[in-house]
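**Q** Mind having a look at this structure? Questions to follow.
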Amino acid sequence: MSPVRSTAKAAACALAAALLFGAAPAKAQSDYPNKVIHFVVGFGAGGGNDLFARLVVQKLQQNTGWNAIIENKPGAGGRLSSSYVAKQPADGYTVLVGASGQMAIATAAIANLDYHATKSFIPLKGTSKNSMPLGPVRVCCPDGMILGD
């Protein structure tokens, strides 16, 4: 695994742990975050995805004291934001709030995307509850660390 990908996975683990449990694991990356985390939403302010992102960021800030902001980059059914985030450094400071249309549907339906839903991003799971019975939330981190039940 490349050092950049490993750093991104460690940052993603710290962020996921903070969202789920209110504190980042010391083992993941001790100095994360040392700058503002950008949550990028592919739809306009006030919509469902934006409201979800604002709730997540609010809880993240309450639980950790970390600085985070919402960036709305609407257009092309959310694909502009996905493309933007895919081109950012893989350092855990840019988080895509992705919807099914811009991720699964666009990847399956559009041949010339400049991102891929499963190859361009590291998913953060457990940020919302799903009505489907998926079992307990688990966040897998580098070095075999597993958080959750």
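The values are calculated or read from the model by the stated rules, or taken from the named source; none is laboratory data. These numbers were taken from a predicted model, which means no experiment stands behind them. All Cβ positions, glycine included, derive from the backbone under ideal geometry; neighbour counts span all protein chains shown.
**Q** Return the residues of the stretch 65-94 that are among the hydrophobic types (A, V, I, L, M, F, W, C) and touching a Gly at 6+ places or on another chain (Cβ under 9 Å); say none if nothing qualifies. Talk me through it step by step, then tell me what you get.
**A** We begin by selecting, within the stretch 65-94, every residue among the hydrophobic types (A, V, I, L, M, F, W, C); these are 66, 68-70, 76, 80, 85-86, 90.
Within the stretch 65-94, 76, 80, 85 qualify.
**Q** Right, something else. Quick one: residue 43 ticks every box in (1) part of a strand (DSSP E or B); (2) at pLDDT 90 or above; (3) of a type outside the set (D, E, K, R) bar one, so which box is it?
**A** Evaluating residue 43 over (1) part of a strand (DSSP E or B); (2) at pLDDT 90 or above; (3) of a type outside the set (D, E, K, R) leaves (1) as the failure.
Residue by residue, here is whether (1) assigned to a helix (DSSP H, G or I); (2) free of Cβ contacts under 8 Å to residues at least 60 places away in the same chain; (3) touching a Pro at 6+ places or on another chain (Cβ under 9 Å); (4) over 22 Å from residue 113 (Cα atoms) holds:
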residue	(1), (2), (3), (4)
66	no, yes, yes, yes
71	no, yes, no, no
74	no, yes, no, no
78	yes, yes, no, no
85	yes, yes, no, no
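**Q** Here are the criteria: (1) surrounded by fewer than 18 Cβ atoms within 10 Å (Cβ to Cβ); (2) part of a loop (DSSP other than H, G, I, E, B); (3) at pLDDT 80 or above. Tell me which single one residue 125 does not satisfy.
**A** Of the numbered conditions (1) surrounded by fewer than 18 Cβ atoms within 10 Å (Cβ to Cβ); (2) part of a loop (DSSP other than H, G, I, E, B); (3) at pLDDT 80 or above, the odd one out for residue 125 is (3).
**Q** Say we look at the stretch 54-103 and pick out the residues that are within 15 Å of the chain's Cα centre (by Cα) and on the phi > 0 side of the Ramachandran plot; which of these is modelled with the highest pLDDT?
**A** Here the residue is 78.
**Q** Filtering the stretch 89-117 down to residues that are touching a residue at least 40 places away in the same chain (Cβ under 8 Å) and assigned to a loop (DSSP other than H, G, I, E, B), which residue is nearest to residue 34 (Cα to Cα)? Even if it seems obvious, please write down each step before you answer.
**A** Taking the stretch 89-117 first, the residues touching a residue at least 40 places away in the same chain (Cβ under 8 Å) are 89-99, 102.
Still in the list and also assigned to a loop (DSSP other than H, G, I, E, B): 89-93, 98-99.
Details: 89: 15, 90: 15, 91: 11, 92: 11, 93: 9, 98: 24, 99: 28 Å.
Looking at residues that are touching a residue at least 40 places away in the same chain (Cβ under 8 Å) and assigned to a loop (DSSP other than H, G, I, E, B), I get 93.
**Q** Hey, another quick one. Taking the stretch 104-119 as the region of interest, how many residues are surrounded by fewer than 18 Cβ atoms within 10 Å (Cβ to Cβ) and within 15 Å of the chain's Cα centre (by Cα)?
**A** Our first condition is that a residue be surrounded by fewer than 18 Cβ atoms within 10 Å (Cβ to Cβ); within the stretch 104-119, this holds for 104-105, 108-114, 116, 118-119.
Those left that are additionally within 15 Å of the chain's Cα centre (by Cα): 116, 118-119.
Qualifying residue count for the region: 3.
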